[in-house]
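Beneath this line is the structure, given in structure tokens, with notes to follow.
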Amino acid sequence: MSRSRWTTLILVGFFTALAGVIWVRAPGYMDADYYFAIARQISSGGGLNEPFIWTYITNPVGIVHPSNLYWMPLTSLLASLPMFLLGSSFRAAQFPFVLLTALLPLGVARFSLSIHGNPTLAYRSGWLAAFSGFFFPYFLTTDMFILFAWIGIGVFFLLQRARESRRRWHWLVLGLLAGLAHLARADGWLLILPALAVPAVSLGGRGKRALLLLCGYLLIMGPWFLRNLFLVGSPLAPGLGRTLWLTSYEEFFHYPAADISFPHWLANGIPQALLARLQALGVNLERIIAENGLIFLTPLVILGGLKLKNVQGIRLAVLYGLALLVVMTVAFPFAGMNGGIFHSSAAVMPVAWCLAPIGLETVIEWGVRRRGWEQNRARALFHPALIGIAAVFTFATFYLRAIGNDAGTPRWIRPQVTYQSVGEFMADRGAASQPVAVNNPPGYWVETGTSAIVIPTGGQSALYASLHRYGVEWVILDANRPWALQPVYELEAVPDWLEFIGELPAEDDRPIRIFKLADGGIP
């Protein structure tokens, strides 16, 4: 590909990324708040500890407890690096994610060249990566999306070369990348499956490759397993197995976590479990078509995949995608359809952007054969149109999710503004340093520096028990309260042990209501 095209991809990547960060100037949602909060802890000397509780699944021993027992640490570790030099601001933490997003078109174009060798189509794939649709705002914040996209490029690039090269270090690097994927996300280990599926020349070769993969993987994950073993007594956090027995997404926040078990799952009924997985399959497929494929790209990606079905890197990317769909449908249906599959599918988006122009070429070839299209004219029309539509989709989704109807206070930063006002309310009552129960504990801690626990599902009894166990007196209820606490939020059935203190305005005219234990303390 010509130097001018490489330069253009660099320029368009930086232009779109820098335009996006005008609006993405806060983490934006709880996952990103969490990773930013832990990065701030690391950079300020607080270590890998959480000064809040966002889930009871791992049965935290106290509000301050070892971090990343559910969400993995790589995103926070990366975000913390510039914070050592630039301070604890979100902009400092955001820097590596913006840089990786800006360079993504370059990486996708290089990956595409390794797949099909066509510089023009690789160039167009790079443009598609610059206009990444639903993923765009999430690439720019402190979350694992852009990390997974780059890890996916590395994994499938090396797997494409695996048969062409007998260099053993390829397999060690693949193991390192699989370890990084697991360190970024709990289901990241799935990226090792495509590597294990590569056919070997001999049994001995297979064994050596598997050993190198394992060594690379353990070089990354081994220290993390040892850390967990030392702190909590097992390589993986105790209680993670409970996520297999959830009967609804809300049970991620159920208290006490011991209630979630196989008998609990069985008591809910096998028909309900099957229905949930059928629902998850439908939702996951819808998300793949709409979010990953932006609807109009989906058939082109499929056509491109069929055209390159004999290319090893493509086959193995499909294997990973199918494994992810199965895991997020059968084992973790509620996590899958509530964002899990969207998160982890970032690893195959470079492959999708590689295939879409190939699929469009297939359509053009059909039009030339069957409809008498003039090939060069069709290419000059349809390929720019493909990129233009992707750009329109990206702007539209970005506007809806990140900007909203008030450009002065973009939707992306409204949670930040909300918790700042709650912090001021608490400070006015001399309770600025007192822990609270709130919908988004990491976000609250980021904005106020005050510890918090998540409002549990399970109704008033669960709320009462969690407040007493963790020594919390204040409760902040907003529009995203658990359904069982709806009467409390609406002030229709406030229990005797809870006192309504006041409320603050919030978006959509749904106020934030603040309560305090009526007895004034924890026995």
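The values are calculated or read from the model by the stated rules, or taken from the named source; none is laboratory data. All figures in this text were calculated on a predicted structure; none of them were measured in a lab. We place every Cβ from the backbone using ideal geometry, glycine too, and count neighbours over all the protein chains shown.
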Output for the range 77-98, where each listed residue is farther than 17 Å from residue 180 by Cβ and touching a residue at least 40 places away in the same chain (Cβ under 8 Å): 83, 84, 88, 90, 91, 93, 94, 98
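So that you can scan it fast, the table gives a plain yes or no per residue for (1) within 27 Å of residue 142 (Cα to Cα); (2) not small (Gly, Ala, Ser):
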{"position": "407", "(1), (2)": "yes, no"}
{"position": "417", "(1), (2)": "yes, yes"}
{"position": "450", "(1), (2)": "yes, yes"}
{"position": "463", "(1), (2)": "no, yes"}
{"position": "471", "(1), (2)": "no, no"}
Among the numbered criteria (1) out of contact with any His (no Cβ under 7 Å at 6 or more places or on another chain); (2) outside any helix (DSSP H, G or I); (3) of a type outside the set (Lys, Arg), which single criterion is violated by residue 15? (2)
Restricting attention to the range 23-40, the residues that are in a loop (DSSP other than H, G, I, E, B) and within 22 Å of residue 235 (Cα to Cα) number exactly 0
In the range 417-444, what residues are under 31 Å from the mean Cα position of the chain (by Cα), farther than 23 Å from residue 406 by Cα and of a type outside the set (Gly, Ala, Ser)? 434, 435, 436, 438, 439, 441, 442
Checking the conditions here, which among 104, 85 is within 20 Å of the chain's Cα centre (by Cα) and of a type outside the set (Val, Ile, Thr)? 104
Can you pull out every residue in the range 229-285 that is under 23 Å from the mean Cα position of the chain (by Cα) and of a type in the set (Phe, Trp, Tyr)? 245, 249, 252, 253
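Taking the options 100, 104, 77, name whichever one is in a helix (DSSP H, G or I) and either surrounded by fewer than 19 Cβ atoms within 10 Å (Cβ to Cβ) or in the same structural domain as residue 357 (by TED's automatic domain parsing) (or both). So that I can check it myself, show each step before the final result.
Values: 100 fails: either surrounded by fewer than 19 Cβ atoms within 10 Å (Cβ to Cβ) or in the same structural domain as residue 357 (by TED's automatic domain parsing) (or both); 104 fails: either surrounded by fewer than 19 Cβ atoms within 10 Å (Cβ to Cβ) or in the same structural domain as residue 357 (by TED's automatic domain parsing) (or both).
Sole residue among the options that is in a helix (DSSP H, G or I) and either surrounded by fewer than 19 Cβ atoms within 10 Å (Cβ to Cβ) or in the same structural domain as residue 357 (by TED's automatic domain parsing) (or both): 77.
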All conditions in (1) more than 18 Å from residue 60 (Cβ to Cβ); (2) crowded, with 18+ Cβ neighbours inside 10 Å; (3) over 21 Å from the mean Cα position of the chain (by Cα) are true of residue 449 except (2)
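Pull up the range 41-74, narrow it to residues that are part of a helix (DSSP H, G or I) and touching a helix residue (DSSP H, G or I) at 6+ places or on another chain (Cβ under 7 Å), then point me to the one that is surrounded by the most Cβ atoms within 10 Å (Cβ to Cβ).
Ranking the candidates gives 74 first.
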Take residue 418 and decide whether it is at pLDDT below 95, part of a helix (DSSP H, G or I) and out of contact with any Lys or Arg (no Cβ under 7 Å at 6 or more places or on another chain). yes
What are the pairs with Cβ atoms under 7 angstrom where one residue, in the range 369-393, is more than 18 Å from residue 122 (Cβ to Cβ) and in contact (Cβ under 8 Å) with a residue 60 or more places away in the chain and the other, located anywhere, is in a helix (DSSP H, G or I) and among the small types (Gly, Ala, Ser)? Sequence gap at least six, or different chains. 393/133
Taking the conditions exactly as written (within 18 Å of residue 332 (Cβ to Cβ), of a type in the set (A, V, I, L, M, F, W, C), outside any helix (DSSP H, G or I) and without any contact (Cβ under 8 Å) to a residue 12 or more places away in the chain), does residue 278 satisfy them or not? no
Matching option when the condition is touching a residue at least 24 places away in the same chain (Cβ under 8 Å), within 30 Å of residue 354 (Cβ to Cβ) and within 19 Å of the chain's Cα centre (by Cα), among 74, 9: 74
Out of 121, 86, 78, sole residue that is out of contact with any Pro (no Cβ under 7 Å at 6 or more places or on another chain) and not aromatic (Phe, Trp, Tyr): 86
From 186, 273, 237, which residue is part of a helix (DSSP H, G or I) and among the small types (Gly, Ala, Ser)? 273
Against the definition (more than 24 Å from residue 49 (Cβ to Cβ), modelled with pLDDT of 95 or more and in a helix (DSSP H, G or I)), how does residue 424 come out, yes or no? yes
When both residues are 6+ apart or on different chains and their Cβ atoms are under 7 Å apart, which pairs have a first residue that lies in the range 344-358 and is touching a residue at least 40 places away in the same chain (Cβ under 8 Å), and a second that is acidic (Asp, Glu)? 344/187
Can you name the residue in the range 206-230 that is touching a His at 6+ places or on another chain (Cβ under 9 Å) and under 30 Å from residue 334 (Cα atoms) and, of all such residues, is surrounded by the most Cβ atoms within 10 Å (Cβ to Cβ)? 217
